[in-house]
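Right, I'll just put the structure down here and ask away after.
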Ligand code: PLP
Ligand code: COI
């Protein structure tokens, strides 16, 4: 049987009044509004995971010599809690996040959070913060993360970790909502290389992507589409999402999981759903020149980005130093829209969940 974890729970000294919560979740944007509580759990070599708490969300007391502040031993996850039509609250495949969190911990030489602790921490916080889940297209974004909390400047794996879970009511990740996004292909920066941390969800990968993302913004683009580090030719993924291409024969193409891209839970769900319907998905290397030629010839009709934050977001245009090309008619296409409805329909309990992916918590 799964281990049962007890979370010591303390009363919030100054809880947000219901009317203020309602106003805060009406149009929350992404990542700016936070709920009242958080989960914290500590790890030491002597005690393992201990001191699990559900407490009010407040700043950490952290020593200036804490290892995370110097060597970036930090990992995180992202998943959403949805308000379903029948009044219940559900998560989508949270055990997949728990397993990926363990893999990320192993890659960053950190003590892994057991799957049972990860799931019970997320469920406990979601039950506590139910009032913060927006209706309509919104959701409560759950951010579990873990960092090296030992006060030590030597370079070796930390002997102390903190695991924390916070919650943030969110709307669409992109300001344009459902409008197709434009992506930037940089010829200067790469995201990950063989043997590196590309398949782990660690903060360092995102720090590394920020300058390329700034270059994208300067060029009027929403996200960076990263190419491989060795040949600078093969499409990998976006800064915070995986990528799919829709061909004129209806087949989908997506880059393979070769160690340099994040194994997205949305990506694997899309592959499974499309294959189950009898559709074809090729997980194969796909190059930037091939993409450009296929858009010009009409072989590629659509492309979309996918991830927890981005859901399914159509890509309408690609810019690179010296040029740009349009995908299909530059708008969200029929296949992208259909996959978006199917996935969100299952996540929100409007379409039957035949896979056991919808995990009810409250
Ligand atoms: N790739 C990167 C770099 C990401 O940050 C994310 C978001 O978590 C994804 C892909 C998509 O992963 P998921 O579908 O599990 O959210
Ligand atoms: C997520 O989709 O959960 C991510 O972590 C990606 C980030 C762009 C917010």
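The values are calculated or read from the model by the stated rules, or taken from the named source; none is laboratory data. All values derive from a computational prediction rather than experimental measurement. We place every Cβ from the backbone using ideal geometry, glycine too, and count neighbours over all the protein chains shown.
Is there a residue in the stretch 84-95 that is in a helix (DSSP H, G or I) and touching a strand residue (DSSP E or B) at 6+ places or on another chain (Cβ under 6 Å)?
If we filter the stretch 84-95 for residues that are in a helix (DSSP H, G or I), which is where we start, we get 94-95.
Checking which are touching a strand residue (DSSP E or B) at 6+ places or on another chain (Cβ under 6 Å) leaves us with 94.
The answer is yes, given that some residue of the stretch 84-95 is in a helix (DSSP H, G or I) and touching a strand residue (DSSP E or B) at 6+ places or on another chain (Cβ under 6 Å).
Right, something else. Among the listed residues 267, 191, identify the single one that is over 29 Å from residue 133 (Cα atoms) and touching a strand residue (DSSP E or B) at 6+ places or on another chain (Cβ under 7 Å).
Among 267, 191, only 191 is over 29 Å from residue 133 (Cα atoms) and touching a strand residue (DSSP E or B) at 6+ places or on another chain (Cβ under 7 Å).
Kindly indicate the residue of the stretch 194-216 that is surrounded by fewer than 13 Cβ atoms within 10 Å (Cβ to Cβ) and outside any loop (DSSP other than H, G, I, E, B) and also farthest from ligand 1 (Cβ to nearest atom) among those meeting that condition.
My answer is 214.
Out of 299, 348, 360, I need the residue that is touching a strand residue (DSSP E or B) at 6+ places or on another chain (Cβ under 9 Å), farther than 30 Å from residue 138 by Cβ and away from ligand 2 (no atom under 16 Å from the Cβ). Which one?
So the residue among 299, 348, 360 that is touching a strand residue (DSSP E or B) at 6+ places or on another chain (Cβ under 9 Å), farther than 30 Å from residue 138 by Cβ and away from ligand 2 (no atom under 16 Å from the Cβ) is 299.
Still on this model: Quick one: would you say residue 122 is within 16 Å of ligand 1 (Cβ to nearest atom), at pLDDT 95 or above and not in a loop (DSSP other than H, G, I, E, B)? Walk me through how you get there before you give the answer.
On the way: within 16 Å of ligand 1 (Cβ to nearest atom): yes; at pLDDT 95 or above: yes; not in a loop (DSSP other than H, G, I, E, B): yes.
Considered against the rule, which asks whether it is within 16 Å of ligand 1 (Cβ to nearest atom), at pLDDT 95 or above and not in a loop (DSSP other than H, G, I, E, B), residue 122 comes out as yes.
Against the definition (touching a residue at least 40 places away in the same chain (Cβ under 8 Å), within 16 Å of ligand 1 (Cβ to nearest atom) and at positive phi), how does residue 259 come out, yes or no?
yes
With respect to the numbered conditions (1) within 16 Å of ligand 2 (Cβ to nearest atom); (2) over 15 Å from the mean Cα position of the chain (by Cα); (3) touching a residue at least 60 places away in the same chain (Cβ under 8 Å), which one is the sole condition not fulfilled by residue 104?
Tallying (1) within 16 Å of ligand 2 (Cβ to nearest atom); (2) over 15 Å from the mean Cα position of the chain (by Cα); (3) touching a residue at least 60 places away in the same chain (Cβ under 8 Å), residue 104 fails exactly one: (2).
Sticking with this structure for a sec: Do you know which of the residues in the stretch 227-282 that are within 16 Å of ligand 2 (Cβ to nearest atom) and assigned to a helix (DSSP H, G or I) is surrounded by the fewest Cβ atoms within 10 Å (Cβ to Cβ)?
Kept after step one, since they are within 16 Å of ligand 2 (Cβ to nearest atom), are these residues of the stretch 227-282: 236-244, 261-270.
In the following step, the residues that additionally are assigned to a helix (DSSP H, G or I) were identified as 265-270.
Details: 265: 24, 266: 23, 267: 23, 268: 14, 269: 21, 270: 23.
My answer is 268.
Does residue 222 satisfy the condition of being touching a strand residue (DSSP E or B) at 6+ places or on another chain (Cβ under 6 Å) and more than 16 Å from ligand 2 (Cβ to nearest atom)?
no
With the structure loaded, tell me whether residue 314 is more than 14 Å from ligand 1 (Cβ to nearest atom), within 22 Å of the chain's Cα centre (by Cα), outside any loop (DSSP other than H, G, I, E, B) and at negative phi or whether it fails that test.
Considered against the rule, which asks whether it is more than 14 Å from ligand 1 (Cβ to nearest atom), within 22 Å of the chain's Cα centre (by Cα), outside any loop (DSSP other than H, G, I, E, B) and at negative phi, residue 314 comes out as yes.
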